Ligand SMILES: Nc1ncnc2c1ncn2[C@@H]1O[C@H](COP(=O)(O)OP(=O)(O)OP(=O)(O)O)[C@@H](O)[C@H]1O
Ligand SMILES: [Mg+2]
């Protein structure tokens, strides 16, 4: 059939060969390195902002009333819109970072806010009587919030990957996986496209499972 | 002398305490009784500062260290019995109190795995390891068998001042109270 005809669907062998080609060029590594950097920084930025907003909106009703519609808006707006809007005013290499953050923020924000709101008032009162603010945070508040935070955090990591690659395809920074994929215009190079896709899947799965293992170690105490 | 003067509090439409005044001695065991829903827990919460009264004043507590045995055990479930208690004091005190309450064998079990009566005793141990100066106890005997009631009563009498909410006349006898306040 069409498999093996490298014009349309490359064979696994051809794909692996392309993977090797990518990994033996400096440009390939630069693309991978910069994309990873963008994912990590966008993700961390998103997590930080999401937690900050969650603390704000769970403690102040006015802030909640003002910001909640914004969260719904951000959640429903396509990421391509954000990327294209940002492209007007921001350096192309930074666009994917911001887009990743924009995707991560509402997810982290919402679950963290819910976790903060649902924490046990009874335990908080107990801690007010018996514990210093630091111990209260460490032993009472965080153990109630972190498990839910971490489970969303590991899901949103995958979303950060997709967001960065998509934004790179649109913003075309000098180096980046999305940039490399976009530049594959010729039908002669589908095996390279498959190679990049394979690499992205492998790296994101690796990253997410690494993250999960780390969390399981950290979360063992709270079971 | 601890003085409560003209304490009033309402929750929405419901007036719970109206110009309530009383005095507590500096030392001894004081019982607090009254029918369900009358405001016993509310009064304890006001004394430990978890609830603000709408009006009224409390004097004589400023320099004292207050601990509370809540109506529910309120333990940190993922920590062991010993960790729950030593978190508010030190390990040595915690071990001593847990032993006094017959919890030597359960000390290193997670709170989540303890029975209701065991949790109640851990909660008692926590209160006393934090402070035996002023201890507010909301039905501390609930879920305890006779043997453990005796142990708990013995511990409660070691407090400088214990204010104990109880419905039960025999529990009151067990504590040989110095004063009884009826709401
Ligand atoms: N946070 C609150 N919000 C609204 N109503 C409250 C609140 N806390 C207590 N109440 C009301 O105040 C009244 C007194 O409650 P409280 O818990 O002090 O009673 P209690 O004497 O301890 O009763 P019990 O013996 O059943 O424990 C009740 O009618 C209760 O519904
Ligand atoms: Mg009560």
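All of the numbers you see were taken from the coordinates with simple rules; none came from a lab. Computed from a predicted structure; not experimentally measured. Note: ideal-geometry Cβ built from the backbone for every residue, glycine included; neighbour counts use all protein chains shown.
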If B:119, B:3, B:92 are placed from fewest to most neighbouring beta carbons inside 10 Å, the sequence is B:92, B:3, B:119
Gain upon complete extension [residue A:117, residue A:85; 0.36 nm per residue less C-alpha separation]
8.1 nm
Evaluate the relative contact order of chain B (contact order divided by residue number), counting alpha-carbon pairs under 8 angstrom at least 6 apart; express in whole percent.
30
Within 10 Å of each residue's Cβ, count the other Cβ atoms and sort B:40, A:162, A:135, A:217 from fewest upward.
A:217, A:135, A:162, B:40
Is the shape of chain B best called rounded, prolate or oblate, per the rule: a/c under 1.5 gives rounded, else a/b larger than b/c gives prolate, else oblate, with a ≥ b ≥ c the square roots of the Cα gyration tensor eigenvalues?
prolate
Given the protein assembly as shown, report the % of alpha carbon pairs whose separation exceeds 42 Å.
39
By Cβ neighbour count within 10 Å, fewest first, A:124, B:104, A:180 rank B:104, A:124, A:180
Per residue of A:117-127, what is the mean number of Cβ atoms on other protein chains within 10 angstrom of that residue's Cβ?
3
Report the full-extension gain for the segment residue A:198 to residue A:124: residue separation times 0.36 nm, less the Cα-Cα distance, to one decimal in nm.
21.9 nm
Only helical DSSP H runs with n ≥ 4 go in: add -39500 (n - 2.57) per run for chain A, normalise by residue count and round the 222 nm mean residue ellipticity to 500 deg cm²/dmol.
-26500 deg cm²/dmol
Can you order the peptides A:84-96, B:131-143 by their average number of other Cβ atoms within 10 Å per residue, highest first?
B:131-143, A:84-96
In nm, what is the difference between 0.36 nm times the number of residues separating residue A:94 and residue A:27 and their Cα-Cα distance?
22.2 nm
Along the Cα-to-C-beta direction of residue A:212, a point sits 7 Å from the Cα; which residues of segment A:160-176 have their amide N less than 18 Å from that point?
A:160-162
Averaged across the residues of B:102-114, what count of C-beta atoms belonging to other chains lies within 10 Å of each residue's C-beta?
0
Within 10 Å of each Cβ in A:129-135, how many Cβ atoms from other chains are there, averaged over the peptide?
5
At 37 °C in a medium of viscosity 0.692 mPa s, segment A:13-220 has a Stokes-Einstein diffusion coefficient, with Rh taken as the Kirkwood radius over alpha carbon pairs, in µm² per second, of 174
So for the pair residue B:179, residue B:22, with labels modelled 7 Å out along Cα→Cβ, what separation do we get in nm?
0.9
Computed over the Cα atoms, what is the radius of gyration of segment A:27-103 divided by 2.2 N^0.38 Å, N being its residue count?
1.29
The helix B:146-156 Cα axis meets the longest alpha-carbon principal axis of chain B at an angle in degrees, between 0 and 90 and rounded to 10, of 60
Tilt of helix A:12-23 relative to the longest C-alpha principal axis of chain A, in degrees (0 to 90, nearest 10)?
70
Would you mind computing, in nm to one decimal, how far apart the modelled labels at residue A:48 and residue A:172 are, each placed 7 Å from Cα along Cα→Cβ?
3.2
